[in-house]
Amino acid sequence: MPLRGLVVGHLVLDYVVRRGVVRRALGGTAAYSGVAAKRYGAEVALVSKVGPDFPEEYLLFLARSGLDLTHVRLVKRRSTSFKLVYEDGERRLYLVSRCDPITPDDLPSRLDYDFVHVGPVAGEVPPESLRALREGCAGLISLDLQGYVRALEGGLVTYRRSTDALEAVRYADIVHGDEREVAALAEPERDLGDLASSLLKVGVKVLLITMGEGGSYVISRDARLYVPAAEPRRVADPTGAGDVYTAIFAAHYAATQDVEESAAMAAAAASLLVEEPGLSGLGTYREIAERAERVRGRIEEADV
């Protein structure tokens, strides 16, 4: 029987600006994580909210990709959307609009899933919804920090420590963030090793810290690992790589309870994604597993 997964978070409209040209795209952790987990081989349902501006073609794409959209609600408020400006090798992210929050009442009545991935992008999953998931689901819960540590300065997304983030991690087995997001969670003067230790004490089983081409750290109660990035054949679009990394780690860990193997699979999946624009680079289980073999032999103990 395939794994059963639930992904919670807003589907997003991304407006990508490169060299003055604007392109609209389907975005958000929910989209990238949901489709990635499905390609891995899990049965995946989404919990999300979208507005009347959300293109029907995107919902059709997700449905045709095999995702269960029963719990995707259409509301009156505009969909969550971001403007992503790429310039001089850097990305600036602006929040354009934010849809309604996802409350406990929006969750499925039965939470009999092997894993639940919570991927807020703009604080749309309040801690009480995470608490309801923790209380109702016996499976693994993974959490992406980004939606809890983002702040706005004139619309520009920055990062800051928040009480919601500190509460949210208490309900998760797996916590992911990139370097900036994890640093925002930490208290001043504390390093990543200290932060990891404190998270493990409150119940987190695995902390994932991604660093793009610099690889990732995977820290559990039993191991602290440095996982090198799998080398893509080319880099067409890095958007969503962290989302895919976390979703594949969570799915494989739910199936195997093997931290090292799950990390290698996650790194391989992220490298496949970036080779093509948008979601088109996502690999199948076999493609991910083949590339993961090249990663696993290079994993080292980390000094964090």
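The values are calculated or read from the model by the stated rules, or taken from the named source; none is laboratory data. None of these values were measured; they are calculated from a predicted model. Quick reminder, even Gly has a Cβ in these numbers, built from the backbone with ideal geometry, and neighbours come from all protein chains shown. Areas reflect the complete protein model, heavy atoms only, side chains present, ligands, DNA and RNA absent. Shrake-Rupley method; radii C 1.70, N 1.55, O 1.52, S 1.80 Å.
In whole percents, the pair-distance distribution calculated for region 240-292 from its alpha-carbon pairs, binned every 5 Å from zero, is 4, 26, 34, 24, 8, 3, 0.
Relative to one another, the C-alpha centroids of region 1-69 and region 189-221 are positioned 27 Å apart.
Per residue, how big is the convex hull around the C-alpha atoms of region 59-106? Give it to me in cubic angstrom, could you?
Numbers: hull volume 6.1 nm³, N = 48.
Looking at region 59-106, the number lands at 128 Å³ per residue.
Could you tell me what fraction of 2.2 N^0.38 Å the Cα radius of gyration of the chain comes to, as a two-decimal ratio? Please report the intermediate quantities before stating the final value.
Numbers: Rg = 17.6 Å, N = 304, 2.2 N^0.38 = 19.3 Å.
Rounded to two decimals, the normalised Rg is 0.91.
Note on the chain: dipole from Cβ charges, positive end direction compared against ALA247, LEU185, VAL202; the farthest Cα belongs to ALA247. Backbone phi angles across region 125-135, fed through the Karplus curve with coefficients 6.51, -1.76 and 1.60 (θ = phi - 60°), yield HN-Hα couplings of 10, x, x, 5, 6, 5, 4, 5, 5, 4, 6 Hz in residue order; Gly and Pro are listed as x. Per residue, how much accessible surface does the chain expose to a 1.4 Å probe? Answer in Å², no decimals. Accessible area per residue: 44 Å². By the helix-only formula, in which each DSSP H run with n ≥ 4 contributes -39500 (n - 2.57) and the sum is divided by residues, the chain has a 222 nm mean residue ellipticity of -10000 deg cm²/dmol.
Packing around the peptides 72-85, 133-146, taken as the average count of other Cβ atoms within 10 Å per residue, puts them in this order, highest first: 133-146, 72-85. The relative contact order of region 73-199 comes to 20 percent, based on Cα pairs under 8 Å that sit 6 or more residues apart. Put simply, the amide H of VAL116, placed in the peptide plane, has neighbours under 5 Å in LEU6, LEU140, ILE141, SER142, leaving out anything fewer than 5 places away on its chain.
Among residues other than ARG4 with Cβ under 11 Å from its Cβ, the summed charge is -3 (Lys and Arg +1, Asp and Glu -1). Near VAL96, the amide H atoms lying under 5 Å from its own belong to SER81, PHE82, LYS83; only residues 5 or more places off or on other chains count, and H is placed 1.01 Å from N.
Give the aspartates and glutamates reachable from LYS76 as a straight Cα distance under 20 Å; neighbours fewer than 8 places away on the same chain don't count. Filter leaves ASP14, ASP53, GLU56, GLU57, ASP100, ASP105, ASP106, GLU124. Between the amide H of LEU3 and those of GLU43, distances stay under 5 Å, these residues lying 5 or more places away or on another chain, with hydrogens modeled in the peptide plane.
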